[in-house]
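A.B. asks: Here it is, the structure, as C-alpha cells.
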Amino acid sequence: MAPSPRTPPTEFRHFDLTALPNAARYKLLTATVVPRPIAWVCTLGDGGVPNLAPYSFFGLMGSDPPIVAFAPGDRADGTPKDTALNIAPGGEFSVNLVSAALAQVMSDSATDFPHGMAEAAKLGIELEPGSRIAVPRVRASPATLECVEVQTLQIGKTRIILGQVIGLSLRADAVLDEEKHYVDTAALDLIGRMGGRGGYTHTRDGFEIARMTYAEWVEREG
Ligand SMILES: Cc1cc2nc3c(=O)[nH]c(=O)nc-3n(C[C@H](O)[C@H](O)[C@H](O)COP(=O)(O)O)c2cc1C
C-alpha cells in the first residue's frame, strides 16, 4: 500500500527550543524550514551609497496589499546590520530575486564588508535605476520588487521589516502574457536556500496539483 500522508511515522525527536542555545536553534530550524526564497536587498546608505545583502528569512505575506517581510538579525556585537540601519520608517528598498547564475556573487555579497562600503561596486555587480523608487535594482536579477517600508517589528535581536511592494520588474522573456499577467516562473531560474551555511536548491523541478471544490471532493469520495 502506498504510504499515506495521513499516517504519522511512529517516532519523533522533540527539541525544546526554549532550552537550547541560539546556534542549535538556528541549525535545527534553517535545516528544516526549507526552501527559503532569497531577498537580495538593496538600500541606500549615508550619502546615497548603495548597500546590497541577501536575506533568506524572507517571504511574501499577501497580495492585498502586497506585503513582503524579511528579517535582519542584529550582529554578534548587538549592532543592527546595514540593511536595517538604512531602511527608515517609510523608506524604500528593492528586493532582487536570485537566479542560479547569480548564486556565487549573491553569496559573496554577504561578506561582512565594513559599514558604508558599496559591496555591489566592489564585486562588480551592476546596478541600474529603479522604476518607481530611488533605490537601484540589480541589473542581472530576473525579478525585482520595489518596496516601501510600512512597519518594522523588533523582537529581541531580530528586526522584521515589512514592506509594501509598489512595483515589480520582470525580465521580459519570463512574461508569457503581459495582459493576462502570466509568468514563466521556471524561466526565472530562481534558487532557494537550504540550511544555514552554503546550501541552496533550484526551483525548476516544480509540479502541479489541481485544486478541487467541495463538490468535486464529494464526487471523488463517492
Ligand atoms: C543566502 C543568505 C541568506 C541570508 N539571510 C540572512 C537573514 O535572513 N538574516 C540575517 O540577518 N542575515 C542573513 N544573511 C547574512 C547577511 O547577508 C550578512 O550578515 C550581510 O553581511 C549583511 O549585510 P548588511 O550589513 O549590508 O545588511 C544571509 C546570508 C546569505 C548568504
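The values are calculated or read from the model by the stated rules, or taken from the named source; none is laboratory data. For clarity, every value in this text was computed on a predicted model and none was experimentally measured. Cβ coordinates were reconstructed from backbone atoms using ideal geometry, including for glycine residues, and neighbour counts include every protein chain displayed.
Quick grid of which residues meet (1) in a helix (DSSP H, G or I); (2) surrounded by 14 or more Cβ atoms within 10 Å (Cβ to Cβ); (3) small (G, A, S); (4) touching a Ser or Thr at 6+ places or on another chain (Cβ under 8 Å):
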residue: R13; (1), (2), (3), (4): no, no, no, no
residue: D16; (1), (2), (3), (4): no, no, no, no
residue: L20; (1), (2), (3), (4): no, no, no, no
residue: A24; (1), (2), (3), (4): yes, no, yes, no
residue: L29; (1), (2), (3), (4): yes, yes, no, no
residue: L52; (1), (2), (3), (4): no, yes, no, yes
residue: D77; (1), (2), (3), (4): no, no, no, no
residue: P80; (1), (2), (3), (4): no, yes, no, no
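A.B. asks: Can you name the residue in the range 62-73 that is in a loop (DSSP other than H, G, I, E, B) and within 8 Å of the ligand (Cβ to nearest atom) and is also surrounded by the most Cβ atoms within 10 Å (Cβ to Cβ) among such residues?
C.D. replies: It comes out as P72.
A.B. asks: Six or more apart or on different chains, Cβ under 6 Å: which pairs go from a residue in the range 98-121 that's assigned to a helix (DSSP H, G or I) to one that's at pLDDT below 95? Could you list them?
C.D. replies: E119/F113
A.B. asks: Identify, by number, the condition in (1) under 15 Å from T144 (Cβ atoms); (2) touching a Lys or Arg at 6+ places or on another chain (Cβ under 7 Å) that T43 doesn't meet.
C.D. replies: Answer for T43: the failing condition is (2).
A.B. asks: So T111 fits all but one of (1) surrounded by 19 or more Cβ atoms within 10 Å (Cβ to Cβ); (2) within 7 Å of the ligand (Cβ to nearest atom); what number is the exception?
C.D. replies: (1)
A.B. asks: So is R220 part of a loop (DSSP other than H, G, I, E, B) and loosely packed, with under 10 Cβ neighbours inside 10 Å or not?
C.D. replies: Here the answer is no, as R220 does not meet what is asked.
A.B. asks: Only one of N96, N86 is surrounded by 16 or more Cβ atoms within 10 Å (Cβ to Cβ), within 11 Å of the ligand (Cβ to nearest atom) and closer than 20 Å to I166 by Cβ. Can you tell me which?
C.D. replies: Residue meeting the stated conditions: N86.
A.B. asks: Show the residue pairs meeting these rules: Cβ distance below 7 Å; 6+ apart or different chains; first residue within the range 157-175 and hydroxyl-bearing (S, T, Y); second residue within 10 Å of the ligand (Cβ to nearest atom).
C.D. replies: Partner pairs satisfying both residue conditions: T158/A71; T158/G73.
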